Amino acid sequence: MALLEVEDLDVRFYTEAGVVRAVDGLSYTLDRGERLGVVGESGAGKTVSALAVLDLLDEPGRIEGGTVRFDGESLLDASPDRLRTVRGGRIGMVFQDPETALNPVYTVGEQVSEAVRAHTDRSGDDAHDRAVALLDRVGIPDPTTRATQYPHEFSGGMAQRVLVAMALAGDPDLLIADEPTTGLDVTVQAQLLELLDDLAADDLAVQLVSHDLGIVAEFCDRVLVMYAGQTVERAGVEDLFYDPKHPYTAGLLSAVPRIGDDRDRLSTIPGVTPDLSAPPPGCRFHTRCPYAEDVCTKRDPPLATTDDVTHRAACLAYTGDLDGELTFSVEIDGDDDRGERR
Ligand SMILES: Nc1ncnc2c1ncn2[C@@H]1O[C@H](COP(=O)(O)OP(=O)(O)OP(=O)(O)O)[C@@H](O)[C@H]1O
Ligand code: SF4
Ligand SMILES: [Mg+2]
C-alpha cells in the first residue's frame, strides 16, 4: 500500500467572478521514502493541491470530490482533532517564505520546542533538548546558543532550516515542501537540498513542489506535471526529462534556461494559463499547443499510458484521436536543441 494515495481530487474556489476549478481530477501516489516532484507554471494548482491533501484550504476554497488516504486512513473524513495530529505529526510541512512562518517575538528554541510538545509526549526540558537536537539535525551550527536567538538573527537559509526542524518535530513519514528553496541564493539552495536528500535517505517521503526543473531533476524519483489544475504528465524522473510525452512538458523543458541564458525560466511557452473559472473545452492546453487539432477542442484527454504503463500523458496522441504526430525530442546535453523540439 502506498503511503499517500490521492484520487480524483477536485478543488473549487467560489469567487464573485465565478467558480474557479483550481484542481481537477488529481490522482497520484507516494511510497515510503519516495520523492515526488510537482512542477508546472504559476497558477497550475501546485500549492492548492498540497493544501487540499492536508485539508488546509481556506474559504472560498472547497474540496468538491476525491479521496486522500494516508497510510490507509482517509484524511478528508478525519475529525479536526485527528487531522491536527496527523498534520505536523506524521506529515510535516514546509512552505515558502520562512520569515513570515516564524514568529518574531519568540526564540527559535521556543518555537521548535512548541512543535515538539504539540506532536510528541515530551514536555519541559525534555522538549527543549529534543528541539536542540532537531536544530542540530538540520545543520544549524551551535544549536544550543542558536536556540536562544530570535528569527531576525537567522539568515533566510538558516530560517528555512528551522522550519524543516519544526516539520520534523513529530518524526513524520512524509514531508510536503512547497518551493522550500525559492528566494534563497544558489549555494544555500544546494545546501538545503542536500539536507532534504539526507532526510529522504532516512526513509522520509518527500513531495517537493517547485518551479525549478533543475532541482526536481536532481532530487526527485518521480514527477507530476500540472497544467491548469490537471495532471498532464506523470513519469519517473529520467523518462520525464529525457523523453517527455506531453507537448506542455516538452515546452517547459525547452524553456529551461541554459548557463549564460538570462531568460526567466518557464516563461517561454507562448500564451498564458487559461482562466480557470472558464477553462477551455476539451484539452485545456489546446489554446497554446503547437500540435492542437479540431478534436482537441472537443475531447478531454485522459491520463493515458504511453509506451510504458508508468509513463502517462494526458494528450489525445495517446488515445489514437490525433491525426498528426508529436515530433519533439529532447536532448538535454545537446548544444542548442530548442529548434528541433517543435
Ligand atoms: N483564494 C483564492 N481564491 C480564488 N482562486 C484561488 C485562490 N487561491 C488560489 N486560487 C486559484 O487556484 C489556482 C491554483 O493556484 P495555486 O496557488 O495552487 O498555483 P501554484 O501552482 O501553486 O502557482 P505558483 O507557482 O505561483 O505558486 C490559481 O488559478 C488561482 O487563481
Ligand atoms: S490533446 Fe491536443 S491540444 Fe492537448 S496536448 Fe495533445 S495535441 Fe495538444
Ligand atoms: Mg504555489
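The values are calculated or read from the model by the stated rules, or taken from the named source; none is laboratory data. The structure displayed is predicted, hence computed values, not measured ones. All Cβ positions, glycine included, derive from the backbone under ideal geometry; neighbour counts span all protein chains shown. Side chains are part of the model used for accessible areas, which takes the heavy atoms of the whole protein and leaves out ligands, DNA and RNA. Shrake-Rupley method; radii C 1.70, N 1.55, O 1.52, S 1.80 Å.
Before we move on, is residue 67 open to solvent by 20 Å² or more (accessible area, probe 1.4 Å), within 16 Å of ligand 1 (Cβ to nearest atom) and not aliphatic (A, V, I, L, M)?
Criteria not met by residue 67.
Restricting attention to region 5-16, which residues are of a type in the set (D, E, K, R) and within 13 Å of ligand 1 (Cβ to nearest atom)?
10, 12, 16
Residues in region 227-244 that are aromatic (Phe, Trp, Tyr) and part of a helix (DSSP H, G or I): how many?
2
Between 216, 188, 232, which is in the same structural domain as residue 275 (by TED's automatic domain parsing) and within 16 Å of ligand 3 (Cβ to nearest atom)?
Exactly one of 216, 188, 232 is in the same structural domain as residue 275 (by TED's automatic domain parsing) and within 16 Å of ligand 3 (Cβ to nearest atom), namely 216.
If we scan region 256-271, do we find a residue that is open to solvent by 80 Å² or more (accessible area, probe 1.4 Å), modelled with pLDDT of 90 or more and in the same structural domain as residue 240 (by TED's automatic domain parsing)?
Looking through region 256-271, none of the residues is open to solvent by 80 Å² or more (accessible area, probe 1.4 Å), modelled with pLDDT of 90 or more and in the same structural domain as residue 240 (by TED's automatic domain parsing).
If I filter region 82-105 down to residues being within 18 Å of residue 138 (Cβ to Cβ) and out of contact with any helix residue (DSSP H, G or I) (no Cβ under 7 Å at 6 or more places or on another chain), which single residue comes out as most open to solvent (accessible area, probe 1.4 Å)?
Among those residues, the one meeting the criterion is 96.
Can you name every residue in region 28-62 that is within 18 Å of residue 228 (Cβ to Cβ) and away from ligand 3 (no atom under 16 Å from the Cβ)?
Within region 28-62, just 28 meets the criteria.
Quick check on region 285-306. Is at least one of its residues away from ligand 3 (no atom under 16 Å from the Cβ), surrounded by fewer than 11 Cβ atoms within 10 Å (Cβ to Cβ) and modelled with pLDDT of 95 or more?
Taking every residue of region 285-306 in turn, at least one turns out to be away from ligand 3 (no atom under 16 Å from the Cβ), surrounded by fewer than 11 Cβ atoms within 10 Å (Cβ to Cβ) and modelled with pLDDT of 95 or more.
Given the structure, is residue 166 open to solvent by 10 Å² or more (accessible area, probe 1.4 Å) and touching a strand residue (DSSP E or B) at 6+ places or on another chain (Cβ under 9 Å)?
yes
Among the residues of region 4-16, how many are surrounded by fewer than 20 Cβ atoms within 10 Å (Cβ to Cβ) and within 20 Å of residue 216 (Cβ to Cβ)?
Counting residues in region 4-16 that are surrounded by fewer than 20 Cβ atoms within 10 Å (Cβ to Cβ) and within 20 Å of residue 216 (Cβ to Cβ) gives 0.
Considering 86, 105, 68, which residue is of a type in the set (A, V, I, L, M) and not assigned by TED's automatic domain parsing to the domain that holds residue 52?
Only one candidate passes the filter, namely 105.
Could you say which residue among 250, 235 is at pLDDT 90 or above and out of contact with any strand residue (DSSP E or B) (no Cβ under 8 Å at 6 or more places or on another chain)?
250
May I ask you to list pairs of residues, at least six apart or on different chains, whose Cβ atoms are under 9 Å apart, with the first in region 288-311 being without any contact (Cβ under 8 Å) to a residue 24 or more places away in the chain and closer than 23 Å to residue 239 by Cα and the second being open to solvent by less than 60 Å² (accessible area, probe 1.4 Å) and of a type in the set (Val, Ile, Thr)?
301/232; 301/319; 302/319; 304/319
From the set of residues in region 17-47 that are open to solvent by 30 Å² or more (accessible area, probe 1.4 Å) and within 10 Å of ligand 1 (Cβ to nearest atom), which is farthest from the chain's Cα centre (by Cα)?
Across region 17-47, the extreme among qualifying residues is 17.
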